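**Student:** This structure is in C-alpha cells; I'll ask about it shortly.
Coordinate-derived values only; no laboratory data. Please read all numbers here as calculations on a predicted model, not as lab measurements. Reconstructed Cβ throughout: ideal geometry from the backbone, glycine too, with neighbour counts over all protein chains shown.
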Amino acid sequence: METDRRYPKTAVICNRKSGLEDAESAADSEAEFDSPETIEAITDVLRRHGVPAVILEADENLAENLKEKEIRFAFNLAEGKHGRDREAHVPGLLGLLNIPYMGSDAAVMGVTLDKELCKRLAGSCGIRVPKGIVVSPDDDLSARAEELTYPVILKPNAEGSGRGIFDRSIAKDAHEFTELLTACFREYRGKMLAEEYLPGREFTVGLLGNGPDIRVFRPMEICYHEPTEEDFYVYSYRIKKDFRKYVHYECPARISAEAEREMTDAARTLFTVLGCRDVSRIDFRMNGAGEPCFLELNPLPGLAPDYSDYPMAAESEGYSYDDIVFAVYLHALKRTEEKEA
Ligand SMILES: Nc1ncnc2c1ncn2[C@@H]1O[C@H](COP(=O)(O)OP(=O)(O)OP(=O)(O)O)[C@@H](O)[C@H]1O
Ligand SMILES: [Mg+2]
C-alpha cells in the first residue's frame, strides 16, 4: 500500500492478548487487552488510507522502539499491565518523549480507571450516579454490609472490560455481601466498589472528536435475552465474550427524548469536564424510576470490528468500521496539529 506523505509515521501501541483463552484465569487477566485481529484491523484501516503505520507492543522496550522506528504519532490502544495507573503509562511516556498521540492523556486515564473517583466527579457535575461504597480488604465487612440497600453489585474499583465481574456479583443481603466480598478479596487485593443494583435498562453512549467538533452518538441499548444471574442482568466478561447468545443491541435505543437528552448531555459534560480527547464511551443504566444513572467512562473503548460496542454505535451514526477508525485518527491528528501551529 502506498503511503501518503501528509501523514506522520504512526505506531499503533497495544497490549496484545496472548491467546491463552482456554485458561479461564488467563482470559480474565487479559480481558482488557486487544486481540491480534483487532490490532491488525485497526492498522489495516490506517494503512489503507496511506498512513505509514507499524504495531508496537506496550512493554518495557517501548521507549527504545519508538525512537528506533522514528515514530512521530501514536494510536494508543494500550490498557497497561500493572497498577491503578496502568492506563496512564503509555500516555505518560508519549508525553515525556513529546510524541503526539490519539486518545486521552494520563490524567484522564488515572481518574476514569478509578470508578468511584469518576463517579464523584460525575456527581459534582449534577449527573445522577448509583449509591455506592468502596470496600477495602481490611474493612469490617459485616459493619459495611449495613450501609447499602440490597440488592448490591460488587465490582473491582479499578478494572475494565467486565474484568473481575464474575457470574456471582450480586449480593441480595448482608450475609451474601460478606460472603462474596471475602471470596473477591482472595482473588483481587484491590478495593471493591459495592453499588446498589440498578434494575433498569442499560445503554452506552459513544463520543468522537474535540471542542466544538465533539459528536455525541445516540444511545445504544444493550438488550438482554434472559437474566444472566438469577433474576439479574449483568453485562459481565462472560456475557461480553459470548454476546450473541445473551444480548442484542438497539441503536438508536427506543427511549423518550428526555432520557436520550439526559444521557447525551451527561456524556458531553463529563467528556468536557474531564478533558477527554478524540474518543470515549460512557455507560449508563436506569434506576427503578427509569432515570438514567452514570456507571463509568471508558476513554479507551474497545474497537474490535465484530463485537465492540463503540463501532456498533458508530455504525448507526453512518460510520463503517473503516470510517470510524479513520475518523478517530483524523480528529486526533487535527487536534495535535492545531496545538503545534
Ligand atoms: N450499579 C449497577 N447496577 C446494575 N448493574 C450494574 C451496576 N454497575 C455495573 N453493572 C453491570 O455490570 C456491568 C459492568 O460494569 P461496569 O461498566 O462498571 O464495568 P466494566 O467492567 O468496567 O465494563 P466495561 O467493559 O464497559 O469496561 C455493567 O455493564 C452492568 O451490566
Ligand atoms: Mg462498562
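**Student:** Considering Cα pairs under 8 angstrom that are at least six residues apart, work out the relative contact order of segment 10-102 and quote it in whole percent.
**Tutor:** Working: 121 pairs, mean separation 33.5, N = 93.
Reported relative contact order: 36 percent.
**Student:** With a 10 Å radius around each residue's Cβ, average the other Cβ atoms per peptide and rank 54-62, 103-111, highest first.
**Tutor:** Details: 54-62: 15.2, 103-111: 20.8.
Ranking, from highest mean packing down: 103-111, 54-62.
**Student:** Please rank Phe75, Phe294, fewest neighbouring Cβ atoms within 10 Å first, as an exposure proxy.
**Tutor:** Numbers: Phe75 26, Phe294 23.
Going from least to most buried by this count: Phe294, Phe75.
**Student:** Relative contact order for the chain: what is it in percent, counting Cα pairs under 8 Å that are at least 6 residues apart? Intermediate results must be reported in sequence, preceding the final value.
**Tutor:** Values: 635 pairs, mean separation 60.4, N = 341.
Rounded, it is 18 percent for the chain.
**Student:** Something else: State the percent of C-alpha pairs, over all pairs in segment 10-102, separated by a distance greater than 17 angstrom. Spell out each step's value before the answer.
**Tutor:** Values: 2135 of 4278 pairs.
Percentage above 17 Å: 50.
**Student:** For a paramagnetic label modelled at 7 Å from the Cα of Glu116 toward its Cβ, which residues of segment 183-208 fall within the zone defined by backbone nitrogen distances under 18 Å?
**Tutor:** Counting backbone N atoms under 18 Å from the label point, the list is 183-197.
**Student:** Here is a further query. Arrange Val12, Val279 by Cβ neighbour counts within 10 Å, fewest through most, would you? Before the final figure, lay out each step's value.
**Tutor:** On the way: Val12 24, Val279 28.
Listed from fewest to most nearby Cβ atoms, that is Val12, Val279.
**Student:** Let me ask something else about it. For segment 132-196, treating each Cα as an identical point scatterer without solvent, what Debye log10 I(q)/I(0) comes out at q = 0.12, 0.13, 0.22, 0.29 1/Å?
**Tutor:** Debye curve over Cα of segment 132-196, log10 I(q)/I(0) at q = 0.12, 0.13, 0.22, 0.29 Å⁻¹: -0.23, -0.27, -0.82, -1.53.
**Student:** Restricting to the chain, compute how many DSSP beta bridges are antiparallel as a %, nearest 5.
**Tutor:** Here the share of antiparallel DSSP bridges comes out near 75 percent.
**Student:** If you don't mind, there's one more thing I want to ask. Defining a contact as two alpha carbons under 8 Å apart and six or more residues distant in sequence, what relative contact order in percent does segment 106-263 show?
**Tutor:** Numbers: 226 pairs, mean separation 33.9, N = 158.
So the answer I get is 21 percent.
**Student:** As a check on your grasp of the helix formula, calculate [θ] at 222 nm for the chain: sum -39500 (n - 2.57) over DSSP H runs of n ≥ 4, divide by the residue count, round to the nearest 500. Can you show the working numbers first?
**Tutor:** Details: 13 runs with 127 residues, N = 341.
So the helix-based figure for the chain works out to -11000 deg cm²/dmol.
**Student:** Let me ask something else about it. Label segment 211-269 by shape, choosing from rounded, prolate and oblate, from the square roots a ≥ b ≥ c of the eigenvalues of the Cα gyration tensor; if a/c is under 1.5 it is rounded, and otherwise prolate applies when a/b is larger than b/c, oblate when it is not. Intermediate results must be reported in sequence, preceding the final value.
**Tutor:** Numbers: a/c = 2.59, a/b = 2.09, b/c = 1.24.
Since a/c reaches 1.5 and a/b is larger than b/c, the shape of segment 211-269 is classed as prolate.
**Student:** Using only Cα atoms, what Kirkwood radius does segment 182-289 have, in angstroms?
**Tutor:** On the way: mean 1/r = 0.0636 Å⁻¹.
Value: 15.7 Å, from the Cα pair sum.
**Student:** Among 123-135, 318-330, how do they line up by average Cβ neighbours within 10 Å per residue, starting with the highest? Don't jump to the answer; show the numbers that get you there.
**Tutor:** Details: 123-135: 15.8, 318-330: 18.5.
The densest-packed peptide leads the list: 318-330, 123-135.
**Student:** Once the dipole of the chain is set up with Lys and Arg at +1 and Asp and Glu at -1 on Cβ about the Cα centre, which of Leu56, Gly290, Gly209 lies farthest towards its positive end?
**Tutor:** Of the listed residues, the answer is Gly209.
**Student:** At a 10 Å Cβ-Cβ cut-off, how would you order Ser18, Ser316, fewest neighbours first? Spell out each step's value before the answer.
**Tutor:** Working: Ser18 13, Ser316 16.
Lowest count first: Ser18, Ser316.
**Student:** Separate question: If eta is 1.306 mPa s and T is 10 °C, what Stokes-Einstein diffusion coefficient results for the chain, Kirkwood Rh from Cα pairs, in µm²/s? Could the numbers behind the result be given before it?
**Tutor:** Working: Rh = 20.7 Å.
It comes out at roughly 77 µm²/s.
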